[in-house]
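Notes follow once the structure below has been shown.
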Amino acid sequence: MEDINSVNSDNNKDCKKENPMRMSDRFLTAMFLPKEYGKLLELKMGKVVSYLFLLLLLVSVIQYAIPVLGAIAGMGGIKNIIMNEVPEFSFKEGIFSYDGKVEKLDESAGVYFLVDTSVDRFTKEDVPEDIVEAILVSSTNILVCNNIAGMGNVIQEDTFDYYKDFVVTNQTMADLSSVIYIVIFFVFILLYILTFIKYLFSGLFYAFVMYLLTRTMLLEMEFGKIYKIALFAQSIGAVVIAVTYCINTAIFILAGSAFNMLITVILMNKALLQMKIEQDTI
């Protein structure tokens, strides 16, 4: 009888091992149940990575894909934007033509940008004074000026006659709309990777701060486990701040950033306090 009970007990343990937390359970626990973070710490690294993969894919889609694709769809697609929204331009036989003039000045950063194809060629005399960086584009050249301390203005010029074989117009760009969509996709992949890296480094910051706090709580815990807690605790804040970037309002972005930091610290603190209580009861 004892052998049967022993076998049943072993089978139950095996069943538990064979039924890890579902992805939905991981999301729910990470975002709203800090007192159950002990279950998350039991997950193998592969399960943690798959969770982060889906979480940051969701964050990237909300923060980057939805605003861009929404804007493109709202304007009738890439082809319609190029043909009807972008001013007429052409680049033929080394001559650049643009219907209009673009002039931007960022006084705080000292950056000046000018596109004026009615000018045949820009020279260093055309660069405004007291500018840190200037980019001037004429019909035949592009001039880049950087003001370097101790060296003064450093001028770089590129003339368009080197590119006489290239022909670019609104129509040729519109014909490449499918290629532009592919480029947008690869840009999204790059942004996703950067988001992943940023998330991991943010986790290191939170883990270091909370690791120091555990010393004052007399809680013995490896830094690796605290880092794992930080990766899960950032979840809800990451989603919220992605939504604020999607809305693209300065006050919401600021509030989202504050919420992200606050909720991450609160979730980690509650999780560590629960582990401290469980440790003291042993």
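Taking residues in the stretch 120-131 that are without any contact (Cβ under 8 Å) to a residue 12 or more places away in the chain, and partners anywhere that are open to solvent by 50 Å² or more (accessible area, probe 1.4 Å) and part of a loop (DSSP other than H, G, I, E, B), not one pair has Cβ atoms closer than 6 Å while being at least 6 places apart or on different chains. Within the stretch 162-182, if we keep just the residues that are of a type outside the set (Phe, Trp, Tyr) and open to solvent by 80 Å² or more (accessible area, probe 1.4 Å), the residue that is nearest to residue 82 (Cα to Cα) turns out to be 171. Suppose the filter is surrounded by fewer than 17 Cβ atoms within 10 Å (Cβ to Cβ) and either in contact with a helix residue (DSSP H, G or I) (Cβ under 9 Å, 6 or more places away or on another chain) or touching a residue at least 12 places away in the same chain (Cβ under 8 Å) (or both); does residue 234 pass it? In short, no. Pairs linking a residue in the stretch 104-118 that is closer than 16 Å to residue 143 by Cβ to a residue that is of a type in the set (Gly, Ala, Ser) and assigned to a loop (DSSP other than H, G, I, E, B), with Cβ atoms under 7 Å and 6 or more positions apart or on different chains, are 116/138; 117/138; 117/139. For the stretch 202-214, the criterion of a residue being under 30 Å from residue 133 (Cα atoms), among the polar types (S, T, N, Q) and either surrounded by 12 or more Cβ atoms within 10 Å (Cβ to Cβ) or within 30 Å of the chain's Cα centre (by Cα) (or both) is satisfied by no position.
The values are calculated or read from the model by the stated rules, or taken from the named source; none is laboratory data. The shown structure was predicted, so the numbers you read here are calculated from the model rather than taken from an experiment. Quick reminder, even Gly has a Cβ in these numbers, built from the backbone with ideal geometry, and neighbours come from all protein chains shown. Note: areas computed on protein heavy atoms with side chains; ligands, DNA, RNA excluded. Shrake-Rupley method; radii C 1.70, N 1.55, O 1.52, S 1.80 Å.
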